[in-house]
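A short reminder: the numbers here are calculations on the coordinates, not readings from a lab. This one's a predicted model, so the numbers in the text were calculated from it and none came from an experiment. Here Cβ is always computed from backbone atoms with ideal geometry, including for glycine, and neighbour counts include all displayed protein chains.
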Amino acid sequence: MPKTVTSGMLRNSFDRRSVVVGTLQSGLGLLLATRMGYIALADNQKYKMMSESNRVNLSLIPPRRGWILDRNGQPVASNRADFRVDLIPERLVEKDKTLAELAKVLQLTDIDLQDIRDRLEKARGFQPVEAAAQLGWEEFAAVSVRQPDLPGVVPQRGFSRYYPTGPCVGHLVGYVGSANAKDYEKEHSPLLITPGFKIGKDGLEKRFDGELRGVPGARRAEVTASGRIVRDLETREDIPGKPIKLTIHAGLQEYAARRIGLESGACVVIDTHNGDILAFVSMPSFDPNSFTDGVGRLEWKMLSDDDHLPLRNKILHGLYPAGSTVKPTVALSFLEAGLDPNEWVNCNGGLQVGNRVFHCWQHHGHGRVDMAKGIYQSCDVYFYHFAQKIGMERIAAMMKRMGWGQTFPLPFANQSFGTVPDPAWKLKRYKKEWAIYDTVNATIGQGYTLVNPLQQAVMASRVASGKLLMPRLMADDPIAPIQSLGIPQAHLDLVRAAMAEMVNGRGTGGAARLPIPGVQLAGKSGTAQVVGLNIGNGKAGAWKKRDHGHFVCFAPFGSPRYACAVLLEHSGGSKAAMPVARDIMTYLFDQQKAWDALLPLEAGWGGTPQQRQATKYKTYAAQYGVRAPSVDDSEAAMQRADSDETIHAAPQPVQSAAASPAPEPQADEVPTSAPASPTATAGHPL
Amino acid sequence: MNVSYIPAPLRNLPWQVLVPLTLLVLFGATVLWSAAGGHFAPWAWKHIMNFVLFLGLAIAVSHVPEHRFRQVAYPFYGILMVLLVLVEAVGRIGGGSQRWLNLGFMTLQPSELMKPGIVLVMSVFYATLPPTLIRSWRALLPPVLLLGLPAALVIIQPDLGTALAICFGAVVVIFLSGVPMWWFISGGAAATILAPLAYFFALHDYQRKRVTIFLDPESDMLGAGYHITQSKIAIGSGGFFGKGLGNGTQSHLEYLPEAHTDFAFATMAEEWGMIGGLFILFVFFIVLFRWGMGVSRRAPDRFSQLLAAGMTSTIFFYVAINMMMVMGLAPVVGIPLPFVSHGGSSMMTNMLCIGTIMAVDRWSKRRVGRMA
């Protein structure tokens, strides 16, 4: 190249270089065209799909849950149309701002907000959290309008579970709730994280979740990037879950639950023709309606503060000393062993066994007592005396035949067995030989004997029918052929007559007499001691130390149809249980009369269980506000609360002495004087 | 265009470029019409009005004689520099970055005007530089200063896209001026070394993020990679014939960000498909390669050659970067597609460039006419 550059050379250089620039430019143009062809033609299918999945939002419609019906087709659990608002934690952008906005629109209280925050904290990812349900149209519309500005907020119209009688069926049907992380691990279905979808969490709702659930519908909608729905493309309706039908009589169930009132108790009513369970009541109970969205702090505090243990299913998981309700069974075992029912013993208020005196509840003594009087006057001495002769093995065998210590083929996850003590059992359990005082204690339903109200109702139904009745709960289950108990009719007649005499004649159960002309009730009361007489007399004083009251019965006496067992915890004895059983049985024959008896009582108690709970909630809200402690994991806590039957079923200390019988009330007579101080009753409580 | 009954001023307009350009603007207007949900407001009308307005400006510019261009080059550059400093100062006082000045009747973005401005001043510089000095430092140092000052001012605004556009136009003029090739080779080598350093030390966080995401858009599907991904979905789902006018779901359902400005090409491609894309490329091929570079090659003197080539390159830079960006070949920088995207300033800049090339075209025709 020459040293000096001329303008001609620059011109040439320009020409060359402009060709380079032009070539690069058109080369880039070609590259762009190729690139576009690659995206738009080669990858067209891929991007078309991505564009479609952008455009179309597929959302599941939670299926309507199958109804739970009573024997007459009346709903025990149904669904009601519902406007609701859920939160998807993963999508919430500004949690506090969103909640503040929601609180304004929905008029949420600080307590509501606190509960929502608690739930949000526990929820993970796309697990929906309920912000509010049962909204009015106005509120729902107000949230819907603001939805584009509130990411993560899902207003929805759908159906929610509804239990018309609320707490009256809590322990029967269980409750439903949103699926938690554990449920989702078990079943990786997108349905579980669909807002508004609930699964059965407890009881029948959980056991029959498969049948009740149904098939979700689906909705395809065109949505904008911010989630606003432009239009619906197509909708597939959900297929509602199948209904399940129970043998329960919804009216009786509600009545029994309300009749228990302020007491803590349980009631089971069984149809003695086929074993149908007509009522299955444990009170007080949580309200399953308010459980569907998780338990709030205040509710939890209310439930856990309550010493009546509303979370405990007392029918299945409670265990109680049977008290004198065991006597008809023991009498049947005597008869089977060949004891002449006319054989008698003289009761002077106690019986020397070994070197100890076992008292009769009637310290004045019953005088000459045969088997019938032993039952209707509930004479302990009669049973002390003959039980020693017959022996515990035979008594225990009869008890098991009548349902004591048994579990039944019912759709409940676990049932308590209770205890029917016999020598083999004691040896195995305590490595101790059976002692004669063990027999004596067992024959009056104290000592090791433990029973739950279901077993007592089954026992009553078997006495009433003479058949090996099995309780049934599912109306559509086939009825298995019912076998006879194999007890001679004469034996049954004698025991039944004694039970009828107890209520309608010379017995201690006059308070249970039915107000229905021509219908006689036959029953047996039982009082179970909770603490030894050295601590309290069981009738008054601290609630926790009062006696449990039992009453088992059937009616009509002549041709038994219904059997019933009532348990009232710490009610001070069977005297409290009898009127409750009477009214519940009255309901089966004359509903009006039964209501006439209940409504004035209920007015004094502060209304129905729902009303009382609402009042209590208000009190708690005023008292504690947002200061109630948080619930770690309410679901797990509920399971714990329900299963801590350990309170009652804890390994009992070895009994080495007589448990003194609890006093039997004599309704028609002046109550007997307080029991004398025990002589040999250093016995252990129970 | 030898139709004698058409008046001369009209007859002498470069119709071979104005017709394709008008078609492109109208095509852009339909895209904007569709992006607005089938309404001329707010973008399509304004787009056409802008074009008409600035076409008038371009024709006016095309009548400016060459010596005037040379005359105003340095003063024009000086005024723009003052304005750039002023913008920076106003921004500092007002708190926060600012790119435009409010003149009351309109907002003025000096950095936009700097794009043709730098090309003009560079062309004048090299045209007046004695050819013998082209290999000396005096051929490089003044242009580097002339370019460095405005580029630095624009970068700190911060507006990386515009700064790059200014540099690109200037560098093309320097390249075509005939400075030694090894400057460029060593400059390129320096750039490859400096680029990573700049990435780590000079870029803002958001700019750095854009680069990272450009390299791997799927890494941040819902964040900043969203733009590139959604744009590719729009283009890819359009296929060869597109979804049809008004049927673009990506744009209408708001998945595509900036559907009427930076990503207008994606909006177009979704509804018109590859056909629309090829049409746009074809128009730019006609306007830039055939006409722009052609005018530059035919230009009568060094100044007009460099001027036309620089102006063409400035428009080309917009086109290239924007289309590479929407197709995922370049990071997201806020650069619109000329004549298609909505936006007054970019229309003004591009029409100024077109007007200048038209002016060069006139000068060469006149000279050819005189010689004939």
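Summary of computed values
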item	result
Rh (Kirkwood; distinct C-alpha pairs) - the range A:57-245, Å	17.4 Å
Gap separating the Cα centres of the range A:14-31 and the range B:249-268, nearest whole Å	31 Å
Helical contribution to [θ] at 222 nm, DSSP H n ≥ 4, -39,500 (n - 2.57), averaged over the protein assembly as shown, rounded to 500	-15500 deg cm²/dmol
R0 of 35 Å, Cβ-Cβ distance A:SER559-A:ALA337: FRET efficiency to nearest 0.05	0.80
Average other protein chain Cβ within 10 Å of Cβ, residues A:26-38	6
The range B:309-372 - Kirkwood radius from inverse mean 1/r over Cα pairs (Å)	13.2 Å
Rg/Rg_globular for the range B:1-66, with Rg_globular taken as 2.2 N^0.38 Å and Rg from C-alpha atoms	1.38
Packing-based ranking, highest mean first, of A:540-546, B:41-47, A:356-362 given that Cβ atoms within 10 Å are counted	A:356-362, B:41-47, A:540-546
Area projected by the alpha carbon convex hull of the range A:161-203, averaged over all directions, nm²	3.2 nm²
Cleavage-rule hits, GluC sites (Glu not before Pro), the range A:236-341, DSSP coil, Cβ neighbours within 10 Å at most 14	A:GLU237
Length released on extending from A:TYR430 to A:GLN489, taking residue separation times 0.36 nm less the Cα-Cα span	17.4 nm
Cβ-Cβ FRET estimate between B:ALA189 and B:TYR74, R0 fixed at 45 Å, reported to 0.05	0.90
Distant-in-sequence amide H partners of A:LEU311 (H built 1.01 Å from N, under 5 Å)	none
Most mobile listed residue (B:GLN207, B:GLN16, B:GLN230) in chain B, GNM with C-alpha springs under 10 Å	B:GLN16
Additional length obtainable on full extension of the chain from A:THR4 to A:ASP96, 0.36 nm per residue less Cα span	25.6 nm
Relative contact order, percent, chain B [alpha-carbon distance under 8 Å, six or more residues apart]	25 percent
Rg/Rg_globular for the range A:262-380, with Rg_globular taken as 2.2 N^0.38 Å and Rg from C-alpha atoms	1.60
As computed over chain B, the Cα convex hull volume per residue (Å³)	160 Å³
Rg in Å to one decimal, and Dmax rounded to a whole Å, for the range A:376-534 via C-alpha atoms	17.1, 54
Computed over the range B:69-203, the ratio Rg/Rh where both radii use C-alpha atoms and Rh is Kirkwood	1.01
Residues of the range A:188-208 with amide N under 18 Å of a point placed 7 Å along Cα→Cβ from A:SER53	A:189-191
Nitroxide proxy distance, nm - points 7 Å out along Cα→Cβ at B:LEU86 and A:ILE239	7.6 nm
Links that overshoot a 25 Å alpha carbon limit, given the list A:LYS48/A:LYS95; A:LYS48/B:LYS209; A:LYS182/A:LYS618; A:LYS186/A:LYS206; A:LYS122/A:LYS201	A:LYS48/A:LYS95; A:LYS48/B:LYS209; A:LYS182/A:LYS618
5 Å-binned pair-distance histogram of the range A:218-297 (Cα, whole percent)	3, 11, 12, 12, 12, 11, 9, 7, 5, 8, 8, 3, 0
Reciprocal of mean inverse Cα separation for the range A:369-467 (Kirkwood radius, Å)	14.5 Å
Interchain or long-range residues, amide H under 5 Å from A:GLY350's placed H	A:CYS360
Projected label distance in nm at A:LEU30 and A:ASN12, using a 7 Å step from Cα toward the beta-carbon	2.8 nm
Globularity ratio of the range A:177-248, using Cα Rg and 2.2 N^0.38 Å	1.38
Rg/Rh for the range A:250-649, where both radii come from Cα atoms and Rh is the Kirkwood radius	0.98
The range B:1-157 - convex hull of the alpha-carbon atoms, volume per residue in Å³	190 Å³
Ranked by how many other beta carbons lie within 10 Å on average, peptides A:345-354, A:175-184 from highest	A:175-184, A:345-354
Inter-centroid distance (Cα atoms) of the range B:289-326 relative to the range A:544-587, Å	103 Å
Cβ neighbours within 10 Å from other chains - mean over B:327-338	1
For the range A:1-129, the spread of Cα positions along each principal axis, largest first, Å	111, 37, 24
Fraction of the pair-distance distribution of chain A above 33 Å, Cα-Cα pairs, percent	56 percent
